[in-house]
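What follows is a single structure, written as structure tokens, with notes after it.
The values are calculated or read from the model by the stated rules, or taken from the named source; none is laboratory data. The model shown is predicted, which means the values in this text are computed figures rather than measured ones. No Cβ is skipped: glycine too gets one built from the backbone with ideal geometry, and neighbour counts run over all protein chains shown. Protein only, heavy atoms only, side chains kept; ligands, DNA and RNA dropped before computing areas. Shrake-Rupley method; radii C 1.70, N 1.55, O 1.52, S 1.80 Å.
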Amino acid sequence: MPEELSILFDFPDEQPAAHDAAQPARDLPVVPLINTVLFPHMLAPLFVSDARAVAAVEIATAQDRLVVAVAQRDPEVSEPSFADLYSVGVEATVQRALKMPDGTTSIVVQGRRRVRLLNTAQEAPCLRVSAEPIYVEEERTLAVEAMMRAVLSLFEKVVRLSRTMPDDSYIMAMNIDDPGWLADMIASTLPLDVVHRQEILETLDPEERLRRLSILLSKELDVLELESRIHTQVQKEVDRSQREFFLREQMKVIQRELGQLDPAQRELFELRERVAASNMADVARARANDELERLEVIPAAAPEYSVVRTYLDWLLTLPWTEQTEDNHNLRLAATALDDNHYGLPKVKERILEFMAVRQLAGPKQKAPILCFVGPPGVGKTSLGRSIAEALGRKFARLSLGGVHDEAEIRGHRRTYVGALPGRILQTMKDVKSINPVFMLDEVDKLGHDFRGDPAAALLEVLDPEQNNTFSDHYLDVPYDLSKVLFITTANILDTIPDALLDRMEVIELPGYTEEEKLRIAQRFLIPRQLDSHGLSVDTLHFSESALRQMIRIYTYEAGVRNLERELGTICRKTARRIAEARQHIRMIRPAQLQRFLGVPRYDYGRVEEADEIGLAVGMVWTSNGGDVMSIEVTLMEGKGTLTLTGQLGEIMQESAQAALSYARSNASIYEIDVKTFDKFDIHIHVPEGAVPKDGPSAGITLAIALISALTRRPVRRDVAMSGEITLRGRVLPVGGIKEKILGAHRAGIYTIILPQRNERDMEEVPAQIKRQMNFVYVQRMEQVLEMALLAPQPKKTNRTTKKQASKSPKNPPALPNNTPPDEAAAA
Ligand SMILES: Nc1ncnc2c1ncn2[C@@H]1O[C@H](COP(=O)(O)OP(=O)(O)O)[C@@H](O)[C@H]1O
Ligand SMILES: [Mg+2]
């Protein structure tokens, strides 16, 4: 079957007699055309493989070489019959026929004139049809002339834009004078489909043919123009990046050859190389490249230059993928924890659990956010470091104490002069790893003011749903914090915003007992201090009794921070003596302490020297841990007003009112003369400096001091208490029991009165402490009174009682003057 290779055109020397007046129809063999249309005058090389077509070529070459070349309607049909062919084709001469080895025949045909196919003349061995030449009268009107010019000019543009049409096809068209032929020639050159070509072939009037062709040409031109626009754009892009690549390579070579660039260029060059080599996130890299482009046009002396430069440095120095391999060995981790900290079983267990879960569930497992709560010096901060060591991660610490400004967490926008990233990213930069243990120290000291709430920014940092795209105002591209293990610390939970507290798993670190402190000192603090002062274990020893003294009268704390400091002082002084080659003490005993540390700062066992009237000891819970606090009540002649002084919170004032009302309504039971309430002013004073966290827990202490003053019955000095009181005298439970008991123990008070419902909290108190102490659980105020108040002791001699005029509770003294004991104030 014939297939088009390409259409050639030529000025045939033998012009067919197209203009001859009507000629009779004659029978000719048919060469069907697939996907192409042959025009008069045109040469076309064809491949013929179809048997009937091959026969047609053979028959034609044996006779006058004439055939009818006509397009078939459906290119898929093989051996087409008359009906499968268009009814207009051309009479053509077979110029050349070559039999190919594969059985096909390659021919070149040239069109002569249009013919109309009338009917089938013969079916085999080839299809022959009766074909009648078509004769068209041609008139050269002005309109035809104009049409020819228009078509030519369109064709010129098409040829210029087209990348497939040879340029000389236009020259050729210019030289054609015949309108019909011009149309045929252009139609056969254009990349048209068969339907359109056939339409041109079948349009007999030359003017109409040119008109239709001009439409096809304009369409083609549109397509070509669009194509060319796209092409130029693509080309531009390709050129630009090729050019850049080329220049950059050139620059490298030049630099290498000369070994130098001017400093600004060199800097830019190096920055570019560093950005290309860095492993920052894609968004960040895109931003870095933008900034590099800006840098190219800013003069190096301009202030903006260094702003952009600094920004790029931040992008380059932040860790983006660097991370440490986690230690999965639980036993090793446990050892690392034990090596650094004594006790603290709860925390250590939690860390090992975390590691175990992580091993089983993989790193997808969201890390918990732990919050260590406890008084100062119990090892919260230092635990963070040893957790990092146990996990095999780097350690970063950020103290939030006094952070007021959101920008401190999240940075300033770059539009600010001197803007920097927030402290989170600063810390990440320093730690150089994306998965450190990150300690947010002292979250409870976080402030907030008009400059925005840092807690809100912190929420974003700690939210596992958002912190993989943490946004720092300065950096302005998302930064992934999701691999960080955050640990927070606090002295108290009260000041931590609820939303923040919700995110965290609270682990309490209560204060240490004396025994624990002793162990910590012996096993950890002393070796560490000796080491850091360059002393060997043989040069200096501490006797156990000396250590106990230090714990009792040189330090007074829940943790061991001051103890460590005092041990440091002794080490330092010893080191100096050794350096000066003077004699030094090798064994520190209690007697030597004063030489090193000066006069003791605290009294051990701050129990009052005597049982006092109007003075009761309560237990409080402060941010420094548990402690004891004396409450004094004095009666003065007056009109029954209540005065409160000292560290009294609003809630404590309410407790005082409640205690007074209770005393008043139960006056008869305690044998208090009701007139007393009108004749005397009552002054309540809380001399101690510490601000208790929970006001109401001083309720029963206030009531006892008050009733003691009113009844002139002394309060037992060796009893401490805590509990809220209602108007009807019920005693309600309070918080911080464990801390309070440790505080009382430290103060040397061993009998404790507690609300009945706090008995369940006793579980948390170390057994050793419980063994040494004596607990009384009460439900009602009467039980407290019974326990804590002594009988009136008229004969008792102490500083206060000797001035007392009357001892009988029934007859209150004209001027009760139970002076506040100075011991309490001195403590
Ligand atoms: N259980 C303990 N074992 C060993 N050393 C401890 C322990 N608790 C505290 N320390 C030491 O006490 C000092 C103060 O601890 P630190 O972590 O600063 O306490 P915090 O952050 O709770 O105020 C540190 O030198 C720490 O190593
Ligand atoms: Mg700390």
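Taking the charge dipole of the chain about its Cα centre, with +1 at Lys and Arg Cβ atoms and -1 at Asp and Glu Cβ atoms, the residue from A407, Q198, Q594 reaching farthest to the positive side is Q594. For the chain, the solvent-accessible area works out to 48 Å² per residue, with a probe of 1.4 Å and every protein chain left in place.
Here the Karplus relation 6.51 cos²θ - 1.76 cosθ + 1.60, evaluated at θ = phi - 60°, turns the backbone of the range 376-391 into coupling constants of x, x, 9, x, 5, 5, 5, 4, x, 5, 6, 5, 4, 5, 5, 7 Hz, with x for every Gly and Pro. Using R0 = 35 Å, the C-beta based FRET efficiency linking L352 and D313 works out to 0.30.
Cross-link reach is defined here as a Cα-Cα straight distance under 18 Å, omitting same-chain residues fewer than 8 places apart; for K770 the aspartates and glutamates meeting it are E514, E515, E516, D627, D718, E739, E759, D761. Simple spin-label estimate for E764 and M251 gives 6.3 nm between the two label positions (7 Å along the Cα-to-Cβ direction from each Cα). Residues whose amide H falls under 5 Å from that of S630, counting only those 5 or more places apart or on a different chain, are G618, E688, with hydrogens built in the peptide plane. Just check the range 369-413 against the gyration tensor rule for me: Cα atoms, a ≥ b ≥ c as the square roots of the eigenvalues, rounded for a/c under 1.5, and otherwise prolate or oblate depending on whether a/b exceeds b/c. Cα axes put the range 369-413 in the oblate bin.
In terms of accessible area, using a 1.4 Å probe and ignoring ligands and nucleic acids, F245, F775 rank largest first as F245, F775. S661 sits among other residues whose Cβ lies under 15 Å from its own Cβ, and their net charge, with Lys and Arg +1 and Asp and Glu -1, is 0. The range 263-304 and the range 698-750 have Cα centres lying 69 Å from one another. Sequentially through the range 149-165, phi angles give Karplus couplings (6.51, -1.76, 1.60; θ = phi - 60°) of 5, 4, 4, 4, 5, 4, 4, 4, 4, 4, 4, 5, 7, 6, 9, 10, 7 Hz, Gly and Pro residues having no value and appearing as x.
Here the spin labels are modelled as points 7 Å beyond Cα on the Cα-Cβ line, and at R65 and D338 they lie 11.0 nm apart. Treating each Cα of the chain as an identical point scatterer and summing with the Debye formula, the log10 of I(q)/I(0) at q = 0.08, 0.09 Å⁻¹ comes to -0.88, -1.00. Summing +1 for each Lys or Arg and -1 for each Asp or Glu among the other residues whose beta-carbon sits under 14 angstrom from that of I200 gives -2.
Residues in the range 463-476 carry Karplus couplings, in order, of 7, x, 6, 10, 7, 7, 10, 5, 10, 9, 4, 6, 5, 6 Hz; the curve used is 6.51 cos²θ - 1.76 cosθ + 1.60 with θ = phi - 60°, and Gly or Pro positions show x. To the nearest ten degrees, helix 699-711 and the longest principal axis of the Cα atoms of the chain are 20 degrees apart.
Ignoring any ligand, DNA or RNA, what whole percent of the accessible area of the chain comes from carbon and sulfur when the probe is 1.4 angstrom? Of all accessible area on the chain, carbon and sulfur atoms account for 51 percent. Among G568, A703, N175, whose Cα lies farthest out toward the positive end of the dipole of the chain, if unit charges sit on the beta carbon of Lys, Arg (+1) and Asp, Glu (-1)? Ranked along the dipole, the leading option is A703. Solvent-accessible surface of protein heavy atoms, probed at 1.4 angstrom with all chains present, puts W621, W181 in the order W621, W181, largest first.
Evaluated with a Cβ-only charge set (Lys, Arg +1; Asp, Glu -1), the chain carries a dipole of roughly 7320 debye about its Cα centre, given to the nearest 20.
Note on D167: accessible area is roughly 110 Å² with a 1.4 Å probe, heavy atoms of protein only.
Summing +1 for each Lys or Arg and -1 for each Asp or Glu among the other residues whose beta-carbon sits under 9 angstrom from that of L398 gives +1.
Determine the alpha carbon to alpha carbon distance for each of K432/K517; K346/K573; K380/K483; K445/K740 and list only those over 27 Å. Pairs exceeding the cut-off: K432/K517; K346/K573. Residue ranking by accessible heavy-atom surface, 1.4 Å probe, largest first, among K639, K432 comes out as K639, K432.
Express as a percent, rounded to the nearest 5, the fraction of DSSP beta bridges in the chain (both residues included) that run antiparallel. Within the chain, antiparallel bridges account for around 60 percent of the total.
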